[in-house]
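The block underneath contains the structure these notes are about, expressed in structure tokens.
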Amino acid sequence: MSTITTHGMAATTLSKIGSLDQGTLVMLKVRKKGVERGRAGAKKVYDDDLVEVLVWSGFSYEALVQRAVKKLEAFEGIHSQLLEEANQIDPFVTIEDVCVAIQELRSSLHRVVSEPSGRVPATPDGEKESAWEDLVVDGILVRGSKVYNGKGNPKNPRSPKPGTIYVHGVKLGEKVVEPAIHGHWDANKKPKTVAKELLVKKLPTGLYVSYALEPSRVFGIKVGKEASAAAVAAGVPIDPESIRQLFKIAA
């Protein structure tokens, strides 16, 4: 993946994005939740890197899906290309797996377009919608983000903890500050899944991220111009392709 690495190019590009009235630039320093794997009594957490990530929060997921549908339909010769790329990861992926992956993803995208979800986090049972607040940082409203201020349910591990921040948007770049102690978990994936994940990365929807950040995992958050400056100063690599797919800005 090519990236914008020079301070001048990144600063100029992010400055242009920051001037658009479509969302909010958010710079997060967070510890990823990771996944817990292993036998009882000897479980380890994988994939919990400490990262600095730049997100364009508030970008419509449905709009992103509509772009993905158009791009998927415009692909030519994607079957053979996808098979070749998938075989580099798993030699047992077949052309049938690729066809099924494309069809399932196409159906999934069309379903989102016809039945928009709104992507609003569920409110725990017994609590009102007022349990959610807009995320405001240094007086700036962060579009597409919410803070849970309810009581939660200690008996339900899936219930959000008070103060949990939900950020939805498009990831423009990420830098690993501290790798996960136990590394990354390599799960055994079905051949169809390998092909589908490769295809998703080629579409605008592959840029979409959704974070549920408990207070203990957030080590810094900046928005707007400060987010742009912080990303450049930290050397967060910005993916120009993500910018080309989302904004009418030359990267």
State all residues of the range 48-68 that are assigned to a loop (DSSP other than H, G, I, E, B) and not small (Gly, Ala, Ser); if no residue qualifies, say none. Asp48, Asp49, Phe59
Taking the options Pro215, Pro240, name whichever one is more than 19 Å from Tyr61 (Cα to Cα), in contact with a Ser or Thr (Cβ under 9 Å, 6 or more places away or on another chain), modelled with pLDDT of 90 or more and not hydroxyl-bearing (Ser, Thr, Tyr). Pro215
Among the residues that make up the range 39-47, is at least one of them within 20 Å of the chain's Cα centre (by Cα) and in a loop (DSSP other than H, G, I, E, B)? yes
Would you please list the contacts, defined by Cβ atoms under 8 Å and residues six or more apart or on different chains, that run from a residue in the range 51-77 that is within 10 Å of Val113 (Cα to Cα) and hydroxyl-bearing (Ser, Thr, Tyr) to a residue that is modelled with pLDDT under 85 and surrounded by fewer than 20 Cβ atoms within 10 Å (Cβ to Cβ)? Tyr61/Ser117; Tyr61/Arg119
Anything in the range 79-107 that is in contact (Cβ under 8 Å) with a residue 60 or more places away in the chain, over 12 Å from Lys196 (Cα atoms) and assigned to a helix (DSSP H, G or I)? List them, or say none. Ile89
Restricting the search to the range 68-84, which residues are closer than 15 Å to Leu203 by Cβ and buried (at least 17 other Cβ atoms within 10 Å of the Cβ)? Ala68, Val69, Leu72, Leu82
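Residue by residue, here is whether (1) modelled with pLDDT under 90; (2) over 16 Å from Glu62 (Cβ atoms); (3) not aromatic (Phe, Trp, Tyr) holds:
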{"site": "Val113", "(1), (2), (3)": "yes, no, yes"}
{"site": "Ser117", "(1), (2), (3)": "yes, no, yes"}
{"site": "Pro124", "(1), (2), (3)": "yes, yes, yes"}
{"site": "Glu127", "(1), (2), (3)": "yes, yes, yes"}
{"site": "Ser130", "(1), (2), (3)": "yes, yes, yes"}
{"site": "Arg143", "(1), (2), (3)": "yes, no, yes"}
{"site": "Tyr148", "(1), (2), (3)": "no, yes, no"}
{"site": "Gly152", "(1), (2), (3)": "yes, yes, yes"}
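The values are calculated or read from the model by the stated rules, or taken from the named source; none is laboratory data. The model shown is predicted, which means the values in this text are computed figures rather than measured ones. Cβ: placed from backbone, ideal geometry, glycine included. Neighbour counts: every protein chain shown.
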